[in-house]
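The values are calculated or read from the model by the stated rules, or taken from the named source; none is laboratory data. Since the structure is predicted, the reported quantities are computational estimates derived from the model, not experimental observations. For neighbour counting, all protein chains shown are included, and Cβ atoms are generated from backbone atoms with ideal geometry for every residue, glycine included.
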Amino acid sequence: MLGSPVLSDELSLVRAGRRAMATQFEVLLPVDQPLGIWAAGEALDLIDELEEQLTVYRDHSEISTINRTAFGTDLPVEPRLFDLLSFASALTHATSGAFDVAMGALIKAWGFYQRSGMVPTVAERSAAMQRTGMRYVILNQAARTARFLREGLQLNLGGIGKGYALDRAAELLTTLCGITSGLLHGGTSSVRAIGHPPGRPAGWMVSIKHPDDEGRVLGNVSLRNMALGTSAATYQYFVHEGKRLGHLLDPRRGWPAEGVRQASVVAPTAAEADALSTAFFVMKPDEIRIYCQQHPHIGAVILSPDAIEPIIWNLGPGQFTAAGR
């Protein structure tokens with residue numbers, strides 16, 4: 001796993017997992033938490049409900065309905081989903097287009113929608129780019145509606161959906177179930193911490209592994225009411241003319257990202273951590289450095305293409321510990 005919890009033998013946990021969003025979600029709660037097993041089940045049920053709303057692989061989902069019908073129409077959007085789209089749009093602006101959820105057409109042109117990557121023709125890529133970009137999505141804050149300005153534009157929340165689901169599940173655990181300590185993760189890329197483990201005020205420790213060497217750990221991050229997102233093209237890629245092309249596309253160029261080998265982000269929410277890890281994977285190291293300087297609440301662990309050791313921004317010794325230290 002690119003981000004996995006580091007747990008000691010003396011820590012007794014309730015663990016519950018379920019497959020959703022094409023990955024394995026898991027909720028870990030100390031045994032002294034009230035109604036732990038029931039609470040974990042409620043959180044996983046909510047993640048299932050959110051998948052029904054956010055997935056592009058089910059025709060009845062709200063996102064699929066928006067994709068089919070929002071061109072030229074002011075379509076009402078469920079309030080929490082509208083807030084998510086607004087947040088995603090703000091991140092598109094903040095990252096100068098490196099993160100963009102309105103790139104479903106581009107994902108399909110490259111074959112990654114069916115997980116069978118292929119290089120599109122110049123004409124196919126150009127046509128997809130004409131239907132890509134949040135600049136072609138009008139979000140009416142007063143009416144809470146969405147309208148597409150380009151026919152064939154499609155939203156795809158793959159770069160933020162898992163993190164959003166973890167945030168919503170953590171919110172349910174804390175506000176409705178009284179949970180004060182726990183860790184949630186969505187497969188290999190997204191982690192959300194609630195409080196800290198018993199006796200460990202620094203927080204939950206999560207490892208960041210090397211993208212090409214599963215046995216190597218780049219370092220450990222301590223999370224307390226924070227989240228970690230990691231992006232890399234470790235599993236979804238294909239080889240074209242001797243070059244590995246991954247599934248994370250640069251929406252500005254319509255081509256697989258080539259900026260860094262792996263990007264991990266620590267942020268207040270899992271949605272922001274997921275989205276920014278996707279953006280940072282697309283961006284060049286100098287762009288990431290400037291972003292982190294302008295946003296000191298965001299921490300980053302970046303492995304550049306030719307680097308052996310990662311670059312660390314905005315994470316102090318108490319938050320990040322390099323491997324072997």
Single condition PHE99 does not satisfy, out of (1) outside any loop (DSSP other than H, G, I, E, B); (2) under 22 Å from THR188 (Cβ atoms):
(1)
For region 33-47, check the following and say yes or no: at least one residue is of a type outside the set (Gly, Ala, Ser), touching a Phe, Trp or Tyr at 6+ places or on another chain (Cβ under 7 Å) and over 17 Å from LEU172 (Cα atoms).
no
Only one residue in GLY36, GLY117 is farther than 30 Å from VAL14 by Cα, touching a strand residue (DSSP E or B) at 6+ places or on another chain (Cβ under 7 Å) and touching a residue at least 12 places away in the same chain (Cβ under 8 Å). Which one?
GLY117
Just to be sure, is ALA270 under 19 Å from LEU223 (Cα atoms) and in contact with a helix residue (DSSP H, G or I) (Cβ under 6 Å, 6 or more places away or on another chain)?
yes
Pick from region 275-325 the residues that are hydroxyl-bearing (Ser, Thr, Tyr) and at pLDDT 95 or above: which of them is surrounded by the fewest Cβ atoms within 10 Å (Cβ to Cβ)?
TYR291
Can LEU91 be described as touching a strand residue (DSSP E or B) at 6+ places or on another chain (Cβ under 6 Å) and part of a helix (DSSP H, G or I)?
no
Among (1) under 30 Å from GLU258 (Cβ atoms); (2) surrounded by fewer than 15 Cβ atoms within 10 Å (Cβ to Cβ); (3) at pLDDT 95 or above, the one test that HIS60 misses:
(1)
For region 28-41, check the following and say yes or no: at least one residue is among the polar types (S, T, N, Q) and outside the structural domain of ALA169 (by TED's automatic domain parsing).
no
Quickly run through region 107-124 and pick out the residues that are surrounded by 14 or more Cβ atoms within 10 Å (Cβ to Cβ), at pLDDT below 90 and more than 16 Å from VAL239 (Cα to Cα).
TYR113
Is at least one residue of region 221-241 more than 27 Å from MET103 (Cβ to Cβ) and touching a residue at least 60 places away in the same chain (Cβ under 8 Å)?
yes
Test each condition in (1) assigned by TED's automatic domain parsing to the domain that holds LEU106; (2) of a type in the set (Ser, Thr, Tyr); (3) assigned to a loop (DSSP other than H, G, I, E, B) for TYR57 and report the one that comes out false.
(1)
